[in-house]
Amino acid sequence: MINKELIQNRIDNFWGYGNLDGSYWFIGMEEGHNLGNDILEKRFIKTFDKNTVDIIEGLSVIKDLKWFKPPFPPVQRTYKGYIIIKLFIELGRMPDIEEIRLFQLNQLGREFVNGKANDHSILELMPLPAPSTSKNDWPYKDFGIEDLSTRKKYLEKYKPIQIEKLHNLIKKHNPKLAVFYSTTYLEDWKKVADCDLIEIQKNQYMYDNGKTLFCVIRHPTAHGVSNADWNRWGQEIYNRLELNK
């Protein structure tokens with residue numbers, strides 16, 4: 001059963017998938033989970049005492065892990081946004097759907113690729129997965145932890161702590177690029193980056209501190225986000241990284 005130790009260990013340690021020493025960090029607010037407490041417990045055990053894991057290891061307890069099942073997995077909507085930016089950096093252009101699918105299958109959130117440490121990580125500011133951000137979809141209220149009795153209490157207690165921890169983690173590793181997803185949380189991302197992120201074009205905020213290029217864009221599943229948006233955002237990131245070479 002899920003217990004206080006498993007939950008607290010997850011809060012204290014876990015960030016996400018891939019390699020923290022990679023150059024490219026893709027950061028969301030919170031990971032989803034709607035498969036029940038039995039699977040959640042197994043996921044917490046898989047990540048116990050770890051900052052990151054290989055995404056296949058971390059999610060292997062999910063019976064039908066269709067996003068990583070060869071040869072032609074469906075493209076996951078949130079992952080798609082992360083992959084577009086990553087491939088834009090590599091290719092200098094908008095990737096096509098098959099390039100996105102192949103990256104998701106073989107590279108996204110992996111610890112190693114072709115025997116070498118991966119060059120990116122996909123992380124979450126808040127450590128506890130949940131079905132949605134609705135206060136009614138809060139699966140941690142029944143574990144006897146006062147600070148987790150509601151989503152509101154959880155955020156009040158842990159969001160400031162996580163912001164400071166993520167800020168320090170970025171200072172420690174100095175990734176070339178940190179992309180934050182969702183302009184809804186712009187003020188939180190500003191605190192993580194410790195800078196005044198400037199809107200350089202519609203729904204894209206950026207700042208370069210000389211070590212890390214910070215960027216905030218809309219969440220991949222946000223209503224109205226189009227390929228034209230991804231092309232604009234990806235091109236701007238690519239251009240600025242090229243200038244820094």
| remark: A chain fully extended from residue 239 to residue 172 at 0.36 nm per residue, minus the present Cα-Cα distance, gains in nm 21.6 nm
| said: Angle check, please: helix 227-243 long axis (alpha carbons) against the longest principal axis of the chain (alpha carbons), in degrees 0 to 90, nearest 10. | reply: 70 degrees
| request: For the stretch 104-171, give the percent of accessible area contributed by carbon and sulfur heavy atoms, probe 1.4 Å, rounded to a whole number. | output: 50 percent
| task | Using a cut-off of 15 Å between beta-carbons, work out the net charge of the residues near residue 15 (Lys and Arg +1, Asp and Glu -1, residue 15 not included). | result | -2
| message | I'd like the Karplus ³J(HN,Hα) series for the stretch 174-187: coefficients 6.51, -1.76, 1.60, θ = phi - 60°, whole numbers in Hz, and an x wherever there's a Gly or Pro. | response | 6, x, 5, 9, 10, 9, 9, 9, 4, 6, 4, 9, 3, 5
| remark: Expressed in Å to one decimal, the Kirkwood Rh of the stretch 1-64 from all distinct alpha-carbon pairs is 12.5 Å
| the chain: calculated mean residue ellipticity at 222 nm from DSSP helix runs of at least 4, using -39500 (n - 2.57) | -12500 deg cm²/dmol
| remark: Averaged per residue, the 1.4 Å probe accessible area of the stretch 1-98, protein heavy atoms only, in Å², is roughly 47 Å²
| message | How many angstrom lie between the Cα centre of the stretch 1-44 and the Cα centre of the stretch 198-245? | response | 26 Å
| Where only C-alpha atoms are counted, convex hull volume of the stretch 162-227 per residue in Å³ | 91 Å³
| Cα→Cβ-extended label distance, 7 Å offset, between residue 194 and residue 91, nm | 3.7 nm
| request: Using only alpha carbon positions, build the gyration tensor of the chain, then give the equivalent ellipsoid semi-axes as the square roots of 5 times its eigenvalues, largest first, whole angstrom. | output: 28, 22, 17
| message | Past the 12 angstrom mark, what percentage of all C-alpha to C-alpha distances in the stretch 29-79 do you count? | response | 69 percent
| request: Measure nothing but the geometry: give the 0 to 90° angle between the long axis through the Cα atoms of 77-91 and the longest principal axis through the Cα atoms of the chain, rounded to 10°. | output: 30 degrees
| message | Take the residue pairs 86/171; 66/202; 4/176; 135/176; 42/86 and return only those whose Cα atoms are more than 25 Å apart. | response | 66/202; 4/176; 135/176; 42/86
| task | Obtain the nm distance between the two label points defined at residue 184 and residue 48 by a simple spin-label model: each point lies 7 Å from its Cα along the Cα-to-C-beta direction. | result | 3.3 nm
| remark: FRET efficiency for residue 113 and residue 150 from the Cβ-Cβ distance with R0 = 45 Å, rounded to 0.05, comes out at 0.65
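The values are calculated or read from the model by the stated rules, or taken from the named source; none is laboratory data. It should be emphasised that the depicted structure is a prediction, and the values quoted were computed from it without experimental measurement. Heads up, the Cβs are rebuilt from the backbone with ideal geometry, glycines too, and the neighbour counts pull from every protein chain shown. Surface areas here come from the heavy atoms of the whole protein model, side chains and all, with no ligands, DNA or RNA. Shrake-Rupley method; radii C 1.70, N 1.55, O 1.52, S 1.80 Å.
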